[in-house]
Amino acid sequence: MEKIALVTGGTRGIGAAIATKLKEDGYTVVSSYVGNTEKAEEFSKNTGIKTYKFDAGYYESCQKVVEEIENDLGSNIDIVVNNAGITRDKFFHKMAPEDWSAVINTNLNSMFNITRSVIEKMRAKKFGRIISIGSINGLKGQVGQSNYSAAKAGIIGFSKAIALENANKGITANVIAPGYIATDMVKKIDPKILETIVSQIPIGRLGEPDEIGSLVSYLASDKASFITGATLSINGGQYMQ
């Protein structure tokens, strides 16, 4: 039976590229979304990937939908790509509590909500891949993104702990930390500001969503079974640890 992969926030941008690549690899892929039903339906029509609408920031919703997915497909989820994320950028001295909480809930609490909903069955099966999408700004910080940087940094600590706890159960947990990627959102940045951003990238260009998809593809494969607890940067040399 084909392995089942769930990609959260998997109908647009980086998430769509990841889901599409995993389907090309032969996995049975499902994607989640929370907002734009029209875009999700268009994605599903174009790719044949089934979508489920739920908010990964709420534990009960995650439990319910994971159960629904597994019932629909007749098997347990083998691969989780924690990609769902939002921004609420403001200087910290102007940040409202709701701006902080919204980002922490969607970007960090979702790690617990989704992973907790699948981990016991992965342990029983003695196989699992937990791949979480971090950010360059979780490594170096960013002005106006104390909430986002904190959440993305938290993903790294979370994944290291999960990696240690589950290594002897055939489960790996890794983080991919992208830099600036040529998604529709990034392309909408003022051209002069975008030019400044690109000038700070040694390779001299934005990354492509497909490049993130290819790295997820590798981490999901049996070839990456000796990689766990790692944070892999893909940022064109913009930030090197």
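Observations
- If you go through segment 17-66 and keep only what is among the aliphatic types (A, V, I, L, M) and assigned to a strand (DSSP E or B), you end up with 29, 30.
- The conditions of being touching a Pro at 6+ places or on another chain (Cβ under 9 Å), assigned to a helix (DSSP H, G or I) and either farther than 26 Å from residue 23 by Cβ or not small (Gly, Ala, Ser) (or both) are not met by residue 195.
- Residue 19 falls short on exactly one of the conditions (1) small (Gly, Ala, Ser); (2) at pLDDT 95 or above; (3) surrounded by fewer than 18 Cβ atoms within 10 Å (Cβ to Cβ), and that condition is (3).
- Looking only at segment 163-178, and only at residues there that are within 8 Å of residue 229 (Cα to Cα) and crowded, with 22+ Cβ neighbours inside 10 Å, the one that is farthest from the chain's Cα centre (by Cα): 172
- Residues that are closer than 17 Å to residue 26 by Cα and part of a loop (DSSP other than H, G, I, E, B), drawn from segment 214-240: 221
- Candidates 183, 196: the one that is at pLDDT below 95, surrounded by fewer than 16 Cβ atoms within 10 Å (Cβ to Cβ) and not aliphatic (A, V, I, L, M) is 196.
- Residues in segment 109-162 that are of a type in the set (Val, Ile, Thr) and surrounded by fewer than 17 Cβ atoms within 10 Å (Cβ to Cβ): 143 alone.
- Restricted to segment 84-176, the set of helices (runs of 4 or more DSSP H) holding at least 3 residues that are in contact (Cβ under 8 Å) with a residue 40 or more places away in the chain and of a type in the set (Val, Ile, Thr) comprises 110-125, 146-166.
- From the list 25, 89, 72, the one residue that fits, being surrounded by 15 or more Cβ atoms within 10 Å (Cβ to Cβ), among the charged types (D, E, K, R) and at negative phi, is 25.
The values are calculated or read from the model by the stated rules, or taken from the named source; none is laboratory data. Everything numeric in this text was worked out from a predicted model, so none of it was measured. So basically every Cβ, Gly included, is an ideal-geometry build from the backbone, and we count neighbours across all protein chains shown.
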